[in-house]
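The values are calculated or read from the model by the stated rules, or taken from the named source; none is laboratory data. These numbers were taken from a predicted model, which means no experiment stands behind them. Backbone-built Cβ (ideal geometry, glycine too); neighbour counts: all protein chains shown.
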Amino acid sequence: MTTGIDDALAEIEQAYERVEAELAEPEVARDPDRLRELGRRLAELEAIVRPLRAWRAAEAAAADARELAAAEADPAMATYFEEEARAAEARAAELRAELERALVPRDPNEGRDVIVEIRAGAGGQEAALWAGDLLEMYRRLAERHRWRAEVLASSPSELGGFKEVSLEVRGADAWSRLKHEAGVHRVQRVPATESQGRIHTSTATVAVMPAAEEVEVELRPEDLQIDVFRSSGPGGQSVNTTDSAVRIVHRPTGIKVEVQEERSQLQNREKAMRYLRARLLRIAQEEARAQEAATRRAQLGTGERAEKIRTYNFPEGRVTDHRIKLTTHRLPEVLAGGEELDRIVDALLVAERAAELGEVRA
């Protein structure tokens, strides 16, 4: 193990032993609050100390077996000790991985459902079409993973695609596999309306927000301005004869959400409230991270062509994720939400883990 992790583990083990010793003191037994606090702390530390000590034992067993194999004159016994050494080394490797997982703080949003917000950026109508393509990519990805995906709100463009659209995705691992999609997605292709065959560059911005429970985000009635109106399609034409669309403005923040996907006003209202809670939770979490000085790149950029996390180049059939310098020439499979998109996601998760462990080692 690297020195940084060894030092961190040594400090954790010393803290565990101090807490263990304090728990054995008679006066602690007479203080229920202190007893409860120390018991909780001991359990937290034990989650790391237990695999630490088991790892040391496995490392020692592997070393002993290697020595016995080297000193053994009987080939059959030497082979037996070699097998024992390999088994102990495999066990040590498993425990090493468990230790590293225990050292990396758990993402507080792990296991949550998510809302993916896609907005057309630079590029006019082509950007709106591109936003629609990204929506379909995430829908197909959700279908492959057997997540439930449902459009929460949308603002269609007159010639196709979307000015903006929000997709709610429900699934146990939806957050972990979608969170790195946040940022500017750039496309380079020849638009269907381009008569000269020139390649255009357009963008769409993606934000990924954890869904919020009602108890996490309090929405006071006096803070909400709720209006109902008739649903409309591209160009503003009415597509519904009843006031089923819902607009909610959160007065303290000025956040506005509009939902008109359903024919029922009640369903649209429920969707709008879920969308509003997610946006407010994201604001609260971003403020908390800023206060902890653990700032991360903002999920929504300006949408300018030069600002990007991933490029989709149609003439070359290429997709490049600029954060991890990964390139694949299987663009159709990526846009189909196929396994090649999962390969990019897996690489991003590996890079995130490496960065987190780098902070632990520092």
Quiz item: When residues of the range 241-263 are filtered for being in a strand (DSSP E or B) and of a type outside the set (D, E, K, R), how many remain?
Solution: 8
Quiz item: So which of Ala63, Ala70, Ala58, Ala15 is over 30 Å from Arg86 (Cβ atoms), small (Gly, Ala, Ser) and modelled with pLDDT of 85 or more?
Solution: Ala15
Self-check item: Answer residue from the range 95-141, given it is under 30 Å from Ala8 (Cα atoms) and among the hydrophobic types (A, V, I, L, M, F, W, C) and is modelled with the highest pLDDT among those
Solution: Leu95
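Residues are listed down the side, and each one gets a yes or a no for (1) among the small types (Gly, Ala, Ser); (2) assigned by TED's automatic domain parsing to the domain that holds Arg274; (3) farther than 30 Å from Arg282 by Cβ:
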position: Leu38; (1), (2), (3): no, no, yes
position: Glu46; (1), (2), (3): no, no, yes
position: Ala71; (1), (2), (3): yes, no, yes
position: Pro75; (1), (2), (3): no, no, yes
position: Glu98; (1), (2), (3): no, no, yes
position: Arg119; (1), (2), (3): no, yes, no
position: Ala122; (1), (2), (3): yes, yes, no
Quiz item: Here is a list of conditions, (1) surrounded by fewer than 17 Cβ atoms within 10 Å (Cβ to Cβ); (2) more than 30 Å from Glu352 (Cβ to Cβ), and Arg106 meets all of them except one; can you say which number that is?
Solution: (2)
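Yes/no per residue for (1) surrounded by 13 or more Cβ atoms within 10 Å (Cβ to Cβ); (2) in a helix (DSSP H, G or I):
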{"residue": "Lys179", "(1), (2)": "yes, yes"}
{"residue": "Val187", "(1), (2)": "yes, no"}
{"residue": "Gly197", "(1), (2)": "no, no"}
{"residue": "Thr203", "(1), (2)": "yes, no"}
{"residue": "Met209", "(1), (2)": "yes, no"}
{"residue": "Glu218", "(1), (2)": "no, no"}
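Is it the case that Ala122 is in a helix (DSSP H, G or I) and surrounded by 14 or more Cβ atoms within 10 Å (Cβ to Cβ)?
No.
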Quiz prompt | Per-region count, the range 65-85, residues charged (D, E, K, R), free of Cβ contacts under 8 Å to residues at least 12 places away in the same chain and in a helix (DSSP H, G or I) | solution = 2
Quiz item: Take the residues of the range 313-322 that are touching a residue at least 60 places away in the same chain (Cβ under 8 Å) and in a loop (DSSP other than H, G, I, E, B): which is farthest from the chain's Cα centre (by Cα)?
Solution: Pro315
Quiz item: Going by the conditions given, is Lys271 surrounded by 14 or more Cβ atoms within 10 Å (Cβ to Cβ), in a loop (DSSP other than H, G, I, E, B) and either at pLDDT 85 or above or hydrophobic (A, V, I, L, M, F, W, C) (or both)?
Solution: no
